[in-house]
Amino acid sequence: MKDIFFDLSVRSVKLNFMRSLLASIGIVIGVVAISSMGMLGTNMQLIVKNQLTAGINTIVITPDVVRAEPGSTSTTPTGITESQLRDIRDAAGTNTVIPIDRTNTQFSIGSVDGRGSIMGFDLTDMKNIMNVSEGSTPRGESDAIVGATIASRFNLKIGTRIKIGEPNISATRPVVRVVGILPTIGMSSSNGINTDNAIIVSDTWYSAQFGGDNVYDQVNVNLKDVSTLSAVETAIDNKVNRNKDVVRISDASSRVTSVSSTLSSLTTFILAIGSISLLVAATSIFNVMMMSVNERVQEIGILLSIGTEKGEVRRMFLYEAFILGIIGAIIGGIMSIVIGYSVVSAMIGNTAYFFLPESIIYVPAGMIIGVIVCIGSGLYPAWRASNMDPIEALRAE
Amino acid sequence: MSEVPLIRLADVTKVYNLESGDFVALDHVSLDIMENEFVAIMGPSGSGKSTMMNQLGILDVPTSGELFINGKNVAGMTNLERTHMRRDIIGYIFQKFYLIPLLSAYENVEYPLILKYKQRDMSGKAAAVLKSVGFDEDLSAHRPSQLSGGQQQRVAIARALVNDPKILLCDEPTGNLDRKTGFQIMDILTGLHKEGKTVILVTHDPKIAEYAHRTIQLEDGKVVAS
């Protein structure tokens, strides 16, 4: 059945085509604002979250603070022992376990002195987890790779020799040769180790210089599947800390959660700004609907006097608001995709997540909100039309 | 013919509360109109003709007194019941035709059918009624603004008739027409009266009132002759 009231609304919109179109433009702008703001926020969230979760697949195990037993003179080794490492390897299953030695020390390049961290890695681990941007991973014991920050600050090149250690302690300081330079990793190191300021050497060279053979400062477990994070953590905890807490097990998931929630509030905030434009649109729709009602007072009088129900008159005007909303929403939806894509690409520079459901959902959501706002704006005018006194309305010119 | 009047006004008073004070538009009017009467309501302007029409057309309710239409007390009905009664029992014919400007001639006639049956007319009734009032079929798709006064009033009569009402309320139906067209319209109304309709006609033209079989004279809201 084709509804005659819908027909009447369509004809009224056509009759005042220019006015209706202009009112719809308000809705177009509102829909575009909501959709593209929402998509901007969501894309930002997705990108940051993805960068952060790259580091979340790493469990970091460090020695716990241990109180010396009363009366005991033996100092507890401040590190993770070889047997604890074996337990960790057992508990970690097929996940990659990387023992790391680290310390802070002074070093010199020619006559320039500096200070930074020295890390010791197993040569095979280094080959597996580090991608140098220049040179290669160490093959010999006195080969080293350096982080991006330290390399640029000290102007390190492949082949540069670095003297390690305090100059006044040892007359002949040990020397390593730079064979590779790592790219900038920043916060989001994919293996949970920030190497930007580090000189990385083989563990055997490290032990020879700094001692602590078979004792590690940190053990990283790189997970193949992030969802097994808590299961692996529990397994390690049960195995290594079975008698008392000897190691501390941590990960970056709480940091991801807090950053995500911050970004989510930011998205809500920019969405709220976008909504203001819909408020303006609502006002213009309201205005046009009131004009439509006021121009058609006599027609409303005719409709009511010959037996049209109030509800039917209301429906006719709500249809009109709905038509304006649909026109605005469709144009707005199409423009949202174009404008949203441009905004995301201009402001974030990465549109990889644009067409994901979490992001693109803002287009239909914005369209639906636009239509709802239109119908909402038409409620009062429709109510007013349906409650006119037919006698008074007929008399209007 | 039924003994119960189709329309009964019992001591009906209508008072308008104006800023300048209360205005009594109908003053204790009592009146019966039987089925298939042809009544003319006459009187000078301000005598209460329009108020009377609004009462008879259930567009308004009395301030006091009782108004029965088709055996039902108007005051006791809900708004929706009054709306349905206007749709089903009464056909309105106005001086200014009052066609719906956005609808074609045909759709204007079809409209009351849609109101009543909630669907478009498939029976051909709208077209048949339009034809019966002498409307040119070729003009069916025209909007009211494209029609002459006489054609518009024919459409209006067809619209009033299409739901087969008992009462035809005609408010100066010839007032906006030339003499010749006016008489044509009156001939149509006379024919409808012969077919059994109750026709109530408001006019101040005695020539037009002559078509009626009974004349109700109003003055200052009172019936002075009936």
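Of note:
- Considered as a group, the residues in region B:36-70 that are more than 12 Å from the chain's Cα centre (by Cα) and within 12 Å of chain A (Cβ to nearest Cβ) include one that is nearest to B:L201 (Cα to Cα), and that residue is B:T51.
- The condition of being at pLDDT 85 or above, more than 14 Å from every other protein chain (Cβ to nearest Cβ) and buried (at least 22 other Cβ atoms within 10 Å of the Cβ) holds for only one of A:I29, A:I88, A:I25, that being A:I88.
- So A:S261, is it polar (S, T, N, Q) and touching a Leu at 6+ places or on another chain (Cβ under 6 Å): no
- Qualifying residue in region B:124-137 (condition: closer than 30 Å to B:V12 by Cβ and touching an Asp or Glu at 6+ places or on another chain (Cβ under 9 Å)): no
- Here B:A141, B:A156 are screened, and the one residue that is of a type in the set (G, A, S) and in a helix (DSSP H, G or I) is B:A156.
- Among the residues making up region A:86-131, those that are charged (D, E, K, R) and in contact with a Lys or Arg (Cβ under 7 Å, 6 or more places away or on another chain) are A:D87, A:D90.
- Between A:Y380, A:Y353, the distinction of being within 22 Å of A:G30 (Cα to Cα) and away from every other protein chain (no Cβ under 13 Å) belongs to A:Y380 only.
The values are calculated or read from the model by the stated rules, or taken from the named source; none is laboratory data. Just so it is clear, the structure is predicted and the values come from calculations on it, not from any experiment. Glycine also receives a Cβ, built like all others from the backbone with ideal geometry; neighbour counts cover every protein chain displayed.
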